[in-house]
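First comes the structure, then the notes that go with it.
No value in this document is a laboratory result; all are computed from the given coordinates. The structure displayed is predicted, hence computed values, not measured ones. Note: ideal-geometry Cβ built from the backbone for every residue, glycine included; neighbour counts use all protein chains shown.
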Amino acid sequence: MGHSVSRGQAGAQHIVSSEHAAGNEDVEPAEGAGTGGADGPGEPGEQPVETRGEAPAATPAEIPAEIPVEGSAADGGEDRPVWDVVVVGAGPAGASAAYAAAVAGRSVLLLEKAELPRYKTCGGGIIGPSRDALPPGFDLPLRERVHAVTFSLNGKLTRTRRSRNMLFGLVNRDEFDNSLVESALKAGAEVRTGVTVSRVEQHGPAVPDRRTVAVVLAGEEQPVLARAVVGADGSASRIGAHVGVKMGQVDLGLEAEIPVPESVAEDWAGRVLVDWGPLPGSYGWVFPKGDTLTVGVISARGEGAATKRYLDDFIGRLGLAGFEPRISSGHLTRCRTDDSPLSRGRVLVCGDAAGLLEPWTREGISFALRSGRLAGEWAVRIAEAHDAVDARRQALNYAFAVKAGLGVEMGVGRRLLRIFSRRPGLFHAALTGFRPAWNVFARFTRGATSLAEVVRVHPIARRALDTLDRREPERDERADRAEEGDTTIAPDSDSGTVDGSAGDGGSGGADGPTSGRSA
Ligand SMILES: Cc1cc2nc3c(=O)[nH]c(=O)nc-3n(C[C@H](O)[C@H](O)[C@H](O)COP(=O)(O)OP(=O)(O)OC[C@H]3O[C@@H](n4cnc5c(N)ncnc54)[C@H](O)[C@@H]3O)c2cc1C
């Protein structure tokens, strides 16, 4: 049984069983580089989400008796609620979409297969564009404020750059995502956790009329009905499969959450490490969060064993191998192809479900927050659309808004990744030895500029990128590998195991810990 949290008229919390719920950066000299889940249908949990909030929920409309119903479960005059917007997945993209639609006064249901808060494999790096895309007044649960970055090139040529101003922040994803869901609740959305969406249907017996989408839940006979659906169910998205999202770049990220003694934690306070890795396009990171270090690596899918070896070597040479990880996990990241759809009928996709993330850094939280907000706003318009033509127009507007902003940024990221895959040393030399490059990096992480803007505004940057891009062969090893995976999303093929044996398109993938949980 899943759980639902809704707002009552007096702001009281109701927990309902799912059956009944509808400048110049300062640079300091070099220093040493630091001291030595399953994505298939989730098991319904028992814990309700605990939240506080004020706003009363907008209530879903009832299907009026006169709307013709084509042999559906709604037959027999049974009134069933029709939500304006149903959002699938309560990560940053889904919570943002639910918030945006709820503040517009619409009835919104957010469906999440896990119980919240839930673990998510992620560095939790919150750059400026992520901060800027948060709901107004959002209290960011920062675990660390980053003022320094240590760069190394596969463990060598280590150098630390520092900034007077905060570069970016670090969060634990369970806390961050849960706070975002609370914002959506306060805005009036209803949330049901422990429910897995199996599929959506826009035609057929489950669909009462042409303005309605049926959202089918695992283990439940009656689908949830909506005027518009937002798919935000992550990188192995079932809604993305329905829409026909095509992915052009697939990477495997491996991470270990390593509790460390105070003396080690102190050494990392306010500082992250970025290591340009030995595999094409790979890099590793240490993101400190108080008494725990999140240590991870990412590389192209298809090299599971080598990626795992990179993580082990990385942890070893940092002197962290003696500390037992609390959680070890893996997750695939996927980037959409340029021509991939972002909608189908009354269904929109956003965040990882749409393959929206920055191809070079694989930064995805800001893409999830920004596309989620846009999806929530345009879903409201789709919900109001009276016919398929109008719904299509609104969906195209959503796609245009995404492509004009995030799409352009992804284009620049793809070019950077192509060059970086061949010449990691060049990036390392620029960031550690060429102050303007570091300044751009710092401005980018703080949100003062975007990669696309840098290329647009600075002729030198544009020329350098053009020149390097021309010198790189049209195709590289990464592109070849990606092409193998350049297919429509296969739902639940999101695996990444730490033994390196999966993460290559296997099924029953991981959206959380895969092994090594020892806490
Ligand atoms: C190793 C690694 C490190 C990363 N580090 C960073 C970083 O430091 N900074 C950054 O910006 N990005 C990072 N990313 C990328 C970032 O984690 C994602 O881009 C981001 O989580 C996308 O958010 P989302 O809301 O689209 O999807 P998710 O956060 O994946 O949320 C999807 C939600 O949908 C739910 N769901 C899935 N299927 C269903 C279903 N069928 N029914 C109901 N619910 C469902 C899931 O349980 C989940 O809660 C990292 C990624 C990896 C793999």
Open item on the list: If neighbour count is taken as other Cβ atoms inside 10 Å, put Val260, Val402 in order from fewest to most.
Closed with: Val260, Val402
Task: Per-residue HN-Hα couplings for segment 463-468 [Karplus 6.51, -1.76, 1.60; θ = phi - 60°; Hz; x = Gly/Pro] - done: 5, 4, 5, 4, 5, 5
Open item on the list: How would segment 179-253 be classified by its alpha-carbon gyration tensor: rounded, prolate or oblate, with rounded meaning a/c under 1.5 and the a/b versus b/c comparison settling the rest?
Closed with: oblate
Open item on the list: Just to check I understand the Karplus step: with θ = phi - 60° and J = 6.51 cos²θ - 1.76 cosθ + 1.60, what whole-Hz values come out for segment 421-433, glycine and proline as x?
Closed with: 4, 8, 9, x, x, 5, 4, 4, 4, 5, 6, 9, x
TODO: Evaluate the distance, in nm, between pseudo-label points positioned 7 Å from the Cα of Phe138 and of Asp390 along their respective Cα→Cβ axes.
DONE: 3.1 nm
TODO: Add +1 for every Lys or Arg and -1 for every Asp or Glu among the other residues with Cβ under 13 Å from the Cβ of Arg317, and state the total.
DONE: -1
- [ ] Excluding Asp387 itself, calculate the net charge of residues whose Cβ lies under 15 Å from the Cβ of Asp387, where each Lys or Arg counts +1 and each Asp or Glu counts -1.
- [x] +4
Task: FRET efficiency, 1/(1 + (r/R0)^6) with R0 25 Å, evaluated for Arg309 and Asp338 via beta carbons - done: 0.15
Open item on the list: Just to confirm my numbers, what's the Cα centroid distance between segment 163-226 and segment 234-262 in Å?
Closed with: 17 Å
Open item on the list: Give me, ordered by chain and number, the residues 5 or more places off Arg199 or on other chains with an amide H under 5 Å from its own placed amide H.
Closed with: Val216
TODO: Can you check what the net charge comes to around Ala461, using other residues whose Cβ is under 13 Å from the Cβ of Ala461 (Lys, Arg +1; Asp, Glu -1)?
DONE: +2
